Each structure stands twice: as structure tokens, then as C-alpha cells.
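The values are calculated or read from the model by the stated rules, or taken from the named source; none is laboratory data. None of the values given here were measured: they were computed from a predicted structure. Positions of Cβ are backbone-derived with ideal geometry, glycine not excepted, and every protein chain shown enters the neighbour counts. Accessible surface areas use protein heavy atoms only, side chains included; no ligands, DNA or RNA. Shrake-Rupley method; radii C 1.70, N 1.55, O 1.52, S 1.80 Å.
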Amino acid sequence: MKDGGVRIGVFGGTFDPVHNGHLVLAEAARREFGLERVLFIPAAQPPHKLEEPITSFQHRSAMLELALAGRPGFVLDRMEQQRPGPSYSVDTLRELSRRLEPDQRLYFVIGSDAFLEISTWKKFTELFRYADFLVAERPDAAPGHLADFLQKIPELALAPAGEGWRHPLGGTLRSLPVNAFPVSATTIRRKVRAGEAIDDLVPAPVAAYIKEHRLYR
Ligand code: ATP
């Protein structure tokens, strides 16, 4: 990418609910890679959770809206709500890339736990046609952890290049060191059900929303 181009982060997830771990990851990506903004894109129908009950799109996106309010550079994008059927990242990236200005480039932000499942995603190699990948690794991850993993998926066809890897379709992959905020949405749902406090794990307006709407009971 040319110097001076605009970098746009794409951060997808179920966000059931959004929590501080998501915000820490997005902020690290924004800071480390100079992203002009990060689009938070809640999945309407997460393909890997079709069998599980999930909270309505309206509630999940309302909580995201509250979490992102007053954080410049973090933007909620409800685009996956418009598409029928499961929400595949490749469709989202294709659609986003069509909207780009010539000097803009997409950066797909993802945690290493989610990235480890990538070979199960629809048309996963195509993702590298549309975006560069930033894969969050805990600072205490063993050196070479990501490299070992990438070697185990030869279909990814990533070759070492500069400080990361490059795919034949053009996209690159870089490791993003993040001081892990140890929380998952699963933990939050479990704590709410057990009547435990979640105030340190989600932004205050999100905690209030969960209480008001009696979610996760
Ligand atoms: P669940 O527990 O329901 O599976 P989750 O907390 O992992 O949910 P998702 O919405 O599935 O949240 O995740 C969206 C993205 O956020 C994924 O790329 C995931 O790797 C990343 N992520 C989730 N929790 C953290 C965390 N604590 N720190 C950094 N990244 C995270």
C-alpha cells in the first residue's frame, strides 16, 4: 500500500455481548497499525453458531452502539443485517472493498482463537484478495506460534514477507501483540446467569443495558 493511504479496520464477531477484550483488541490494532477507523460488524447469523441460540441482532447492536459511543474511530456497521442467510466474512469483505476509495485499504482484525478456525470458513483464501490480516497474539505467546500454525495450513499459501506473510492474492498477514484482557462473551453470559457482577468486564452502559433488558438470565 502507498504511504499516506487510509487504513480501515474490520472487526467482526457475534458480540453477544461486546466486552472490554474486544475494545482492547480494536484499540491495539488502531494504535499499532495507524488505522483511521475500526468498523465493528456484528454477525446477523454467525455461520459457526447456527445451532446455538443467540441474542437478537437488535440487542447485540444496541450494546455495541453504547460501547462505542464517545470512542472516536470506532464505528458500528450493521451491514450484515441486510444480507439473508449466514453472515460470511468473505461476502462482507467483498462488499466493503467495493465501497473503498482508491487510497483506502482494509485490515481484518481477528483474535488468534478465531483465526485458528479459518480453514472452516467459506472461501477463506479469498479473504486475502480483499484485506490484510492483523492476528492478535498475546505478548506471552511462544515465539513462532503463529508461524507454526500457518505452516500447518498449506492451503493458506502464505509466504514469509517483511515482518509478516503475504498471500498470492495480495493480502498480507501480520501479528498484533495485545496485552490480553482475559474475558469472553461466554464468561459474561455465565456470570450474569449466576448473578455475579460484570462491571469490570464490559463498559458501564452495556452492563446497565443487560440489566434493564434482563438478558442472559
Ligand atoms: P464467545 O465467548 O461467545 O465465543 P467471544 O468473547 O470470543 O465470544 P466473539 O464475538 O466471538 O467474542 O469474538 C469476536 C472477535 O474478538 C474474535 O476475533 C475473537 O478472537 C476476539 N476476542 C474475543 N475475546 C477477546 C479478548 N478477551 N481479547 C482479544 N480478542 C478477543
* **Antiparallel DSSP beta bridges within the chain, as percent of all bridges there, nearest 5** => 15
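Tell me the relative contact order for the chain as a rounded percent, counting alpha carbon contacts under 8 Å between residues six or more apart.
Relative contact order comes out at 25 percent.
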* Tell me the label-point distance for the pair Glu27, Glu155, using the 7 Å Cα-to-Cβ offset, in nm and rounded to one decimal. => 3.7
* Put a dot 7 Å past each Cα toward the Cβ at Thr186 and Glu163; how far apart are the dots in nm? -> 3.2
* Asked: In square angstrom, what is the accessible area per residue of region 8-65 with a 1.4 angstrom probe?
  -> 38
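If you take all C-alpha pairs in region 96-194, what percent of them are over 21 Å apart? Before the final figure, lay out the partial values.
Values: 1951 of 4851 pairs.
Counting every Cα pair in region 96-194, those more than 21 Å apart make up 40 percent.
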* Asked: Arg94 label point, 7 Å along Cα→Cβ, cut-off 19 Å on backbone N: hits in region 27-60?
  -> 43-48
* Hey, any idea what % of region 1-131's accessible area is carbon plus sulfur with a 1.4 Å probe? -> 47
* How about Lys49: which aspartates and glutamates have a C-alpha closer than 14 Å to its C-alpha, ignoring those fewer than 8 places off in the same chain? -> Asp16, Glu117
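Step by step: find N for region 1-126, compute 2.2 N^0.38 Å, then divide the Cα radius of gyration by it. What's the final number?
Numbers: Rg = 14.3 Å, N = 126, 2.2 N^0.38 = 13.8 Å.
Scaled against compact globular proteins, the figure is 1.03.
With every protein chain kept in place and ligands, DNA and RNA left out, what is the accessible area per residue of region 90-217? Probe 1.4 Å, answer in Å². Spell out each step's value before the answer.
Values: 7120 Å² over 128 residues.
Computed with neighbouring chains in place, this is 56 Å² per residue.
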* Structure fact -> By the C-alpha gyration tensor axes a ≥ b ≥ c (rounded if a/c is under 1.5, else prolate when a/b exceeds b/c, else oblate), the shape of the chain is prolate
* Asked: Rounded if a/c is under 1.5, else prolate if a/b is larger than b/c, else oblate: which is region 1-57, with a ≥ b ≥ c the root eigenvalues of its Cα gyration tensor?
  -> prolate
